[in-house]
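The values are calculated or read from the model by the stated rules, or taken from the named source; none is laboratory data. Because the structure is predicted, anything quoted here is derived from the model rather than measured. Counting neighbours? That spans all protein chains shown, and the Cβs are built from the backbone with ideal geometry, glycine included. Remember, those area values only see protein heavy atoms, side chains included, never the ligands or the DNA or RNA. Shrake-Rupley method; radii C 1.70, N 1.55, O 1.52, S 1.80 Å.
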Amino acid sequence: MQRFPFLCYSFSLVLASLALSACSMVGHTPISKTFFDAIPGLGESVDSLKLNPNLRYLRVTVRGRVVLMVLGYIEPHPEGDINTWYSSQGEVIRLQNGRVVGTAGLETDWGAVRNFALPTWNEVLGSEAMVYRRERDEMPGYRFGIAETVSIAPVPTPFNAKLAGLPAKDFRWFEETVLEQPSGLPSARYAIYDKDGVRLVLYSDQCLSPSFCLSWQIWAAAK
């Protein structure tokens, strides 16, 4: 049977590892190893790489190409820690509570994202649909302060999610749609692990423009 790195962990071990890693970083403290130290054999398939189990990884898919990013910083924030992930080529993705709040070095970048009246995942999980406001800056094009109304609601388990090594049916799925906007952004999706009081976004796919989309998944090193 084909083995994926993520399958080598039970959910409880994955969550324990994530919590332990978060406790080991304070404020803007960077990781102690570079990306090249962390991921040997960059010519290998991402899913077969032997990774450092002491580091945290993000598996990112863009137009069929899969790369790994490594966690560089955890920035404490009253609305949830902001995790900054780096690729070997210098691309950056910043995630907060599973949502993209900034990128750099991508084909389309969201330089900054500001959310207003954003519901927590606990609130979302107990609701049929919720709405919040978002402002974001976008490059190229020097577009600043793009204002959007966003709706998030539960959806059935999708059949086309790029979730690797885990059954999609084991998650609760939500779709986020921009309302009354001219940008034509496709909807975003989130897979929430929800068990025994633990609620964590482990996967998402999202488009930063109508023609540039990516998927990401929290990825663990195999033992």
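Quick look at the numbers
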read-out: Probe 1.4 Å - accessible area at residue 199, Å² to nearest ten; value: 100 Å²
read-out: Projected label distance in nm at residue 63 and residue 147, using a 7 Å step from Cα toward the beta-carbon; value: 3.4 nm
read-out: Span per principal axis, largest first, for the Cα atoms of segment 129-191 (Å); value: 40, 26, 14
read-out: Cα centroid separation - segment 58-78 against segment 141-195, whole Å; value: 17 Å
read-out: Extension reserve of the residue 104-residue 120 stretch, reckoned as 0.36 nm per residue once the Cα distance is removed; value: 3.2 nm
read-out: Accessible-area order (highest first, 1.4 angstrom probe) of the listed residues 159, 171, 144; value: 159, 144, 171
read-out: Phi to ³J(HN,Hα) by Karplus 6.51 cos²θ - 1.76 cosθ + 1.60 over segment 164-174, Hz, x for Gly, Pro; value: 9, x, 9, x, 4, 5, 7, 10, 9, 10, 9
